[in-house]
Protein chains: 2
Amino acid sequence: MPRTSDARERLIASALELIYQRSYAEVGVQSLCERAGVKKGNFYYYFDSKQDLLVQALEMRSQELRRMLAPVFDKDVPASSRIETMFKQIYFDQKSYKNKTGQVRGCLFGNLALELSTRDERIRKRVDAIMQALMELVEETLKELIRTGELPEIDTTASAQAVVAFLEGVILFAKLRNDPELILTLAKVAKSITLAHHEQSQSFEDIV
Amino acid sequence: MPRTSDARERLIASALELIYQRSYAEVGVQSLCERAGVKKGNFYYYFDSKQDLLVQALEMRSQELRRMLAPVFDKDVPASSRIETMFKQIYFDQKSYKNKTGQVRGCLFGNLALELSTRDERIRKRVDAIMQALMELVEETLKELIRTGELPEIDTTASAQAVVAFLEGVILFAKLRNDPELILTLAKVAKSITLAHHEQSQSFEDIV
DNA sequence: ACTATAGTTGACCGGTCGGTATATGTCAAT
DNA sequence: ATTGACATATACCGACCGGTCAACTATAGT
């Protein structure tokens, strides 16, 4: 039997929209249903719980992220500009949302990481896995730069971690200031992060 | 007439504890009162609203932060090691909390920045101001390093911004992984961030 | 001892929370 | 035409939400 209802999809879309803009705790099942045009009793036909909906919405959104980042980390874009391009891509994303709604909503995964990491182990693990996947894209890029001699032999895992942490921090500030331009301003700093690890406990003079 | 009750202080302490560990939306006035040993009706004798309590708690916590960071940014610690020392200090803070409770709680201001920036303008402004103050400590450090020739002439405002953004990103990951060691690992990357801005649109080779 | 005020209390408000139970409507394959 | 899965709807649960209020008690300063 074919699916004949898109209520599930509408609920996931509503969850993505509302939880992204507000927060998980602040968005009730009721408002989710209202936005999706679904009666509350019907909600639990499609999802075991509010948490279950979030898990499935997270899956959807992580695929969106993958799709958005695919051209950025594609083989035909030079490795040396991928990370900066990623920052720019995220900048455009945040900016277009601000143009629509007046608000910078930040990174859904970052938002949920801080809201739910200490409260919901299942969500924590999913968000962690998504971040891990992003880090692997960055790490692959770094490895390629080492292969081509554009980067020295550094700890690619730690450096990729640092780049993604910086990205999340930058997005946090963009949300706090409600100013997407900040992402663009700080994007160029990102590449310097990759150079830190092989310098160990060097003083500033040694680097300069 | 002198103050004869510490209920206000107990409520603020409870708010700091509970909101830090859970989130603003998830912690109700009721649970706040239970922890502080105060009846709910009494809560509104001391605070206009739950939001009002958070504002005042934020004030308290920002003073704690200032006190915690004062020795780090003191004149008798060399400017070249202040930023790294700040990371270490925050590492110890997060680690001691994890030893007590089993959880990395992250940065209260970062948590609230992501949870409430789009929802509560008053809180947003307060958190922004606190972040700004931290950035100024970092910026003063950078200026001193330039004065002593340990750093080239860079855009200190943007670099300080980048350092604090990185810090917040690192803390976010520590919370997501529930692993404070991450802060220590990534601390050494911080200094390289300050070197990025005067490199403009340089390629990786130019830096290496 | 009195009194003004600081502090406390419990009952109550309308509304929402996540979740459940159950009856019914819809449609395709047999 | 009947079956059975898909799908929707209504009504309800106890608990909790942030917030209000009038009545009360405890105490410090006189």
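The values are calculated or read from the model by the stated rules, or taken from the named source; none is laboratory data. Nothing here was measured: the structure is a model prediction, and the numbers come from that model. Using ideal geometry, Cβ is built from the backbone for each residue, glycine included, and neighbour counts are taken over all protein chains shown. Surface areas here come from the heavy atoms of the whole protein model, side chains and all, with no ligands, DNA or RNA. Shrake-Rupley method; radii C 1.70, N 1.55, O 1.52, S 1.80 Å.
Structure notes:
- Residue count for the stretch A:141-179, restricted to those that are surrounded by 22 or more Cβ atoms within 10 Å (Cβ to Cβ) and closer than 16 Å to A:Asp93 by Cα: 8.
- Check on B:Asp93, among the acidic types (Asp, Glu) and assigned to a loop (DSSP other than H, G, I, E, B): no
- Residue count for the stretch B:60-77 satisfying the condition of being touching a residue at least 12 places away in the same chain (Cβ under 8 Å) and open to solvent by 70 Å² or more (accessible area, probe 1.4 Å): 2.
- Single residue of the stretch B:23-52 satisfying the filter (within 10 Å of DNA strand D (Cβ to nearest atom) and within 14 Å of another protein chain (Cβ to nearest Cβ)) that is least open to solvent (accessible area, probe 1.4 Å): B:Val27
- Tabulated pairs, the stretch B:35-53, first outside the structural domain of B:Leu112 (by TED's automatic domain parsing) and in contact (Cβ under 8 Å) with a residue 60 or more places away in the chain, second in a helix (DSSP H, G or I) and more than 8 Å from DNA strand C (Cβ to nearest atom), C-beta under 8 angstrom, 6+ apart or interchain: B:Gln51/B:Arg122; B:Gln51/B:Ile123
- Of the listed requirements (1) open to solvent by 10 Å² or more (accessible area, probe 1.4 Å); (2) modelled with pLDDT under 95; (3) not acidic (Asp, Glu), A:Ala196 misses just one: (1).
- Any hit, the stretch A:54-73, residues being in a loop (DSSP other than H, G, I, E, B), away from DNA strand D (no atom under 16 Å from the Cβ), at pLDDT below 95 and more than 14 Å from chain B (Cβ to nearest Cβ): no
- Reported count of residues in the stretch A:96-125, each being among the basic types (Lys, Arg) and touching an Asp or Glu at 6+ places or on another chain (Cβ under 8 Å), is 1.
- All positions within the stretch B:78-90 that are within 14 Å of chain A (Cβ to nearest Cβ) and open to solvent by less than 70 Å² (accessible area, probe 1.4 Å): B:Ala79, B:Ser80, B:Ser81, B:Arg82, B:Ile83, B:Glu84, B:Thr85, B:Phe87, B:Ile90
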